[in-house]
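Colleague: Below are the structure tokens for one structure; questions will follow.
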Amino acid sequence: MSAYTVAQVAAAGGPFELVEREVPEPGPGHVRIAVEACGICHSDALFVDGAMPGTRFPLVPGHEIAGRIEALGPGAAEYGWQVGDRVTVGWFGGSCQHCTACRQGDFIVCENLKVPGWSYDGGFAERTVAPVDALARIPDTLEASDAGPMACAGVTVFNGLRRSAARPGDLVAVLGLGGLGHLGVQYAAAMGFETAAITRGADKADFAARLGAHHYVDSTAGVPVAEALQALGGAKVVLATVGNAAAVSATVDGLTHRGELVVIGVAPEPLGISPLQLITGAREVRGHPSGTAQDVQDTMEFSALHGIRPMTETAPLAEADEAYRKMLSGAARFRMVLTTG
């Protein structure tokens, strides 16, 4: 075996092209992974379009990687990994371990965070090399096409909820029923929260109920979202998964006293929230990043235990360009996943 295939972008915003590369040997503390599946995340566009500082081309994106360890670099075995182990690598692709955040044990906000597809070649490929601190072990009951999206989308939602102010029995509202939100409703219900789903249109009510939602709020029904939430008693937590600042801002007055708005959906516009809205009810707004490899492993184990899976649409690596464009257009079924099998 002397070559493998990657789907790369030669210049910012360009199309994906299939290229053969020489198989790399993993360095100290790294492993080579035979990729079986890789989710296409909307944040991949930040790198494909060259919007992130330091992005280098040609670029092989992909940070929702699932596969098997194919080779161990020097020292990797000391961390308990073996050839054949099933692993994921997500947005957390390794940390520097020496910045202040790392020295405090807060690795996900490492000042030099390594993101696959930006810091090193990602998972739009048959193989990739990653550091051992980025690896999470996949449970036997999870398919690779399900595990990949959980390394970014899944862990972000799961961590956002389990580290929130909500406790079992509290009302938790999930804003959005897309790639993040459809997982958010499943996790919230499984965690024991009284779960409300908020999105546009009455036609999604049955779908929300199938995911586990106890309540459905149609944001186009004429009743302000905040009023609808207050009619339910007020939300202890709103998990905002959408990239629409106005929609996120409209939920704040629906929080109960000391309620918390957890923002995980990325929007370029500022939130329209006044200090008075926060001060009078002692409310909080918190941005939440992804999660470490251990957080990803926790997410997958919880998902396996409760039968939670992302809704995916798969495409072969050879169709990376079409699949990526489908994700951008919003026509994909929640999560697009590239497969190499």
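The values are calculated or read from the model by the stated rules, or taken from the named source; none is laboratory data. Since the model is a prediction, treat every value here as computed from it, not as a measurement. No Cβ is skipped: glycine too gets one built from the backbone with ideal geometry, and neighbour counts run over all protein chains shown.
Colleague: Out of all the residues in segment 216-225, is one or more closer than 30 Å to P116 by Cβ and surrounded by 21 or more Cβ atoms within 10 Å (Cβ to Cβ)?
Modeller: Step one: of segment 216-225, the residues closer than 30 Å to P116 by Cβ are none.
The answer is no, given that none of the residues of segment 216-225 is closer than 30 Å to P116 by Cβ and surrounded by 21 or more Cβ atoms within 10 Å (Cβ to Cβ).
Colleague: Continuing with the same structure: Only one of (1) closer than 16 Å to T251 by Cα; (2) surrounded by fewer than 20 Cβ atoms within 10 Å (Cβ to Cβ); (3) small (G, A, S) fails for A173. Which number is that?
Modeller: (2)
Colleague: List pairs: first in segment 112-138 and in a loop (DSSP other than H, G, I, E, B), second acidic (D, E) and surrounded by 23 or more Cβ atoms within 10 Å (Cβ to Cβ), Cβ under 7 Å, 6+ apart or cross-chain?
Modeller: G117/D44; G123/E64
Colleague: I would also like to ask the following. Conditions first: (1) within 22 Å of G84 (Cα to Cα); (2) modelled with pLDDT of 95 or more; (3) surrounded by 14 or more Cβ atoms within 10 Å (Cβ to Cβ). P28 passes all but one, so which condition is the exception?
Modeller: Only one criterion is unmet by P28, namely (3).
Colleague: Within segment 250-339, which helices (runs of 4 or more DSSP H) (wholly inside it) include 3 or more residues that are under 14 Å from the mean Cα position of the chain (by Cα) and closer than 18 Å to G123 by Cβ?
Modeller: Values: elements: 275-280, 293-306, 320-329.
Fully inside segment 250-339 and qualifying: 293-306.
Colleague: Tell me, which residue of segment 300-314 that is among the hydrophobic types (A, V, I, L, M, F, W, C) and buried (at least 18 other Cβ atoms within 10 Å of the Cβ) is nearest to V35 (Cα to Cα)? Walk me through how you get there before you give the answer.
Modeller: From segment 300-314, those among the hydrophobic types (A, V, I, L, M, F, W, C) are 300, 302, 304-305, 308, 311; that's our starting set.
Next cut, buried (at least 18 other Cβ atoms within 10 Å of the Cβ) only: 300, 302, 304, 308.
Working: M300: 18, F302: 23, A304: 21, I308: 22 Å.
For segment 300-314, the residue satisfying everything is M300.
Colleague: Right, next: Which is among the aliphatic types (A, V, I, L, M), over 26 Å from G90 (Cβ atoms), at pLDDT 95 or above and part of a loop (DSSP other than H, G, I, E, B), of V217, V223?
Modeller: On the way: V217 fails: part of a loop (DSSP other than H, G, I, E, B).
None of the others qualify; the one that does is V223.
Colleague: Right, here's the next one. I'd like to verify a number: residues in segment 221-234 that are touching a strand residue (DSSP E or B) at 6+ places or on another chain (Cβ under 9 Å) and more than 19 Å from L261 (Cα to Cα), how many?
Modeller: The total comes to 1.
Colleague: Please work out if T312 is assigned by TED's automatic domain parsing to the domain that holds A51 and either at negative phi or of a type outside the set (S, T, N, Q) (or both).
Modeller: Numbers: assigned by TED's automatic domain parsing to the domain that holds A51: yes; either at negative phi or of a type outside the set (S, T, N, Q) (or both): yes.
Yes: the conditions hold for T312.
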